[in-house]
Amino acid sequence: MNLCVRSVAVSAALFAASLLPAHAEFDVVTLKKAIETSLANEYPKLDALYKELHAHPELAFQEMKTAARLAAEMRALGFEVTEGVGKTGLVAIYKNGDGPTIMVRTELDGLPMEEKTGLDYASRDKTNWSGREVFVAHSCGHDIHMTSWVGTAKTLLGLKDRWSGTLMFIAQPAEEIVAGARAMLADGLFTRFPKPDIALALHDGAFAHGTVFYRTGAGSSAADGLEITFHGRGGHGAAPHTTIDPVGIAARFIVEVQSVISREKDPSEFGVVSFGAIHGGTAPNIIPDSVQLSGTIRSYKPEVRAKLHAGIERTAKAAAAMSGAPAPDIKILEGTKSVMNDPDVVTAVAGVLKAALGDKFRISPPGTASEDFSEFGGAGVPSMMFNIGVYDQERIDAARNGTGPPIPSNHSPLFAPVPKPTIETGVTAMTLAVLGVFEQKARRK
Ligand SMILES: [Zn+2]
Ligand SMILES: [Zn+2]
């Protein structure tokens, strides 16, 4: 372990005292300069890679060419690459002496939608998706992640006298359908390959490039689907006493279930149950036989999630029982867990990124979207995901004060990161994050 090559007073002063012990000599300023030099040489190749990936996206579990392209990049760097892990995923391992195994994850997939950015490298590709021909676009920026991932690998190899251990770079399929992480785990990601000590990932977002957002604890929500069918006994609307009215049961349930949120869940914890669809009946004067509801359950903490699931089930059964109706059919469709940023990993990463980026490294509120990077944390690997911005600050300011158009978010057909500063930030932040966690592990040996 050789991170303390030189001790520069200024770098020590830059560390937040609470983040690193006083003896820390990890020289962020020198490392950042080395990364900048490496990027100045490598960026033209990364730019070409990004534009190629952007122009030819592939959908979940169809990422054959994308995976092959990344496999070739990693093999050329000297990584040992295994393809076809979790269908189209790949695992690239690089050993550099004794030390921990640090995993860095990128996603591979694009979205079934038409890109409308008008960029000269915009995607016009189409593919078959669920029996239909659809356009494909990298409108979530997974191409930014892949390029930053390759750039980080290159940069870390250029700095390999500054760290010791194993790099485990994985490219995960099918994030957009939250299935790829589980597919890789089921295919032996942590048994056929070393189980990493720490896992890191980044995601881009619609804010200024050069800025990195992070948080400790929940970084995205757990999302579960909910389908309930209330059964009754149909009949004439004028003679309700001859029926069991499932419309009334469903209405009572929808109101009552909110008391699971307000009366059973800790009010300081996030939790939501919403119904987006109700189907029942055909005419004003006919009480139907059944009513179907579907909804979504969102939470951050596993204990809150379990409480919501149990409360929904109990309330639905009770609502039916109150009317003497048969038990309802209740299906909770388990989605993905929330990303939990491990406090220890955040401390290591934040110490370095704060020193490197100053006030461009900021705490964000938790997101309510979902992300299957959570599966790796769920499998017992302390992990952290942080976010990088993609737009010019002037564009953000103009949108904010009404002098420019609104900022297109991820999944918008107009989502268009500015490649150079975005990828440079991705590579710089991820390289420093990896070095930061290697350093933390080495210091604790
Ligand atoms: Zn997405
Ligand atoms: Zn995404």
Revision key, fill the gap. With a Förster distance of 25 angstrom and the Cβ-Cβ distance between ASP266 and ARG362, calculated FRET efficiency to the nearest 0.05 equals 0.35
Practice item. Pop out the ³J(HN,Hα) list for segment 208-215 in order, Karplus 6.51 cos²θ - 1.76 cosθ + 1.60 with θ = phi - 60°, rounded to Hz; leave Gly and Pro as x. Key: 5, 5, x, 9, 10, 9, 8, 7
Study note, to complete from the structure: Residues meeting the amide H criterion for ASP125 (H placed from the backbone, H to H distance under 5 Å, 5 or more places apart or on another chain) are VAL136
Review point. What order do MET146, MET113 take when sorted by accessible area (1.4 Å probe), most exposed first?
Key: MET113, MET146
Exercise for review: Using label points projected 7 Å from each Cα along Cα→Cβ, tell me how many nm separate LEU157 and ARG192, to one decimal.
Suggested key: 2.3
Practice item. With label points built 7 Å along Cα→Cβ from the Cα atoms of ALA321 and ALA68, find their separation and express it in nm. Key: 6.0
Practice item. Once you have the Cα-Cα distance between VAL255 and THR216, take 0.36 nm times their residue separation minus that, and quote the gain in nm to one decimal. Key: 10.6 nm
Practice item. Just subtract the alpha-carbon distance of HIS236 and THR127 from 0.36 nm times their residue separation and send over the number in nm, one decimal. Key: 34.2 nm
Study note, to complete from the structure: The answer for GLY89, listing residues at least 5 apart or on another chain whose modeled amide H is closer than 5 Å to its amide H, is GLY84
**Study point:** Entries in LYS45/LYS301; LYS45/LYS87; LYS126/LYS360 that, when Cα-Cα distance is taken, lie over 30 Å
**Key:** LYS45/LYS301; LYS126/LYS360
Study note, to complete from the structure: Tilt, helix 419-443 to longest principal axis of the chain (alpha-carbon atoms), in degrees rounded to tens, equals 80
Exercise for review: Evaluate the charge dipole of segment 236-380 about its Cα centre and quote only its size in Debye, nearest 20, assuming +1 on the Cβ of each Lys and Arg and -1 on the Cβ of each Asp and Glu.
Suggested key: 260
Point to revise | Choice from ARG233, ARG75, ARG215 showing the highest fluctuation, given a GNM over the chain with Cα pairs closer than 10 Å | key: ARG233
**Study point:** Using alpha-carbon coordinates, inclination of helix 142-158 to the longest axis of the chain, degrees
**Key:** 30
Study note, to complete from the structure: Checking ALA186, ALA356, ALA67 against a Gaussian network model of the chain (alpha-carbon springs below 10 Å), the top fluctuating residue turns out to be ALA186
Check your understanding: If you take the charge dipole of segment 207-329 about its Cα centre, with +1 on Lys and Arg Cβ and -1 on Asp and Glu Cβ, which of GLY311, GLY295, PHE230 is farthest toward its positive end?
Key -> GLY311
Review point. Which of the lysines could be linked to LYS445 by a straight reach, that is with a Cα gap under 17 Å, when you skip same-chain ones fewer than 8 residues away?
Key: none
Exercise for review: Note down the magnitude of the dipole of the chain about its Cα centre, charges +1 on Lys and Arg C-beta and -1 on Asp and Glu C-beta and zero elsewhere, to the nearest 20 debye.
Suggested key: 760
Practice item. Rounded to whole Hz and in sequence order, give me ³J(HN,Hα) for segment 239-247 from the Karplus expression 6.51 cos²θ - 1.76 cosθ + 1.60, θ = phi - 60°, writing x for Gly and Pro. Key: 10, x, 5, 8, 10, 10, 8, x, 5
Point to revise | Top of LEU31, LEU333, LEU308 by mean-square fluctuation, Gaussian network on the chain, Cα under 10 Å | key: LEU333
**Study point:** In degrees, nearest ten, helix 28-55 long axis to first principal axis of the chain (Cα)
**Key:** 60
Exercise for review: In whole angstrom, note down how far apart the Cα centers of segment 314-341 and segment 195-250 are.
Suggested key: 12
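The values are calculated or read from the model by the stated rules, or taken from the named source; none is laboratory data. In this text the structure is predicted, and so the values were computed from the model without any measurement. Virtual Cβ from ideal backbone geometry, glycine too; neighbours counted across all protein chains shown. The area values use the complete protein model at the heavy-atom level, side chains included, leaving out ligands, DNA and RNA. Shrake-Rupley method; radii C 1.70, N 1.55, O 1.52, S 1.80 Å.
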